[in-house]
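Undergrad: This is the structure, below, for whatever I ask next.
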Amino acid sequence: MIERINFIVTHFQISPSKFADEIGVQRANISHILSGRNKPSLDFIQKILIRWNEINPQWLLLGKGEFLLKDYPNTKNEMSDFKTLAEYTNNSISTDIPIDAKSISKIIVLYSNGTFDEYLK
């Protein structure tokens, strides 16, 4: 489990301190878990899955399956363009501009908690 938590920290390019802040636990808890002193509690794991709901719970708990859920768009694999984002969020997009005329290379979604997701083509 320690390796998977380290992987999450590395994947999202955040420090262990920022990780603690993101899931709402004390920074010392992260340090103790990453050092192997303590094992993560169910509450700790739930907080990870609530904050990053694109993470596959089976991967986090058991090390089985893919890291990210296949039906959840993310910055590195399934999000390819705005149309995919619109379909995922059940929004519609304008088709007035021919698809070949312009293409979107990056979308940044800013959240009210100060975090963001970046979707690259």
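Taken together, the values in this text are just the output of simple stated rules run on the coordinates, not laboratory data. Model, not experiment: these values are computed from the prediction. When we count neighbours, we look across all protein chains shown, and the Cβ atoms used for this are built from the backbone with ideal geometry, even at glycine.
Undergrad: In whole Å and largest first, what semi-axes does the C-alpha gyration tensor of segment 2-62 yield when each eigenvalue is scaled by 5 and square-rooted?
TA: So the equivalent ellipsoid measures 15, 13, 11 Å along its semi-axes.
Undergrad: How would you order 29-37, 105-113, 48-56 from highest to lowest mean count of nearby Cβ atoms within 10 Å?
TA: 48-56, 29-37, 105-113
Undergrad: Please list, in order along segment 42-51, the HN-Hα scalar couplings obtained from phi with the Karplus expression 6.51 cos²θ - 1.76 cosθ + 1.60 (θ = phi - 60°), rounded to whole Hz, x for Gly and Pro.
TA: 4, 4, 4, 5, 4, 5, 5, 5, 6, 5
Undergrad: Among A28, L42, P57, which residue has its Cα furthest toward the positive end of the charge dipole of segment 11-69, with +1 on Lys/Arg Cβ and -1 on Asp/Glu Cβ?
TA: Checking the options against the dipole of segment 11-69, the answer is A28.
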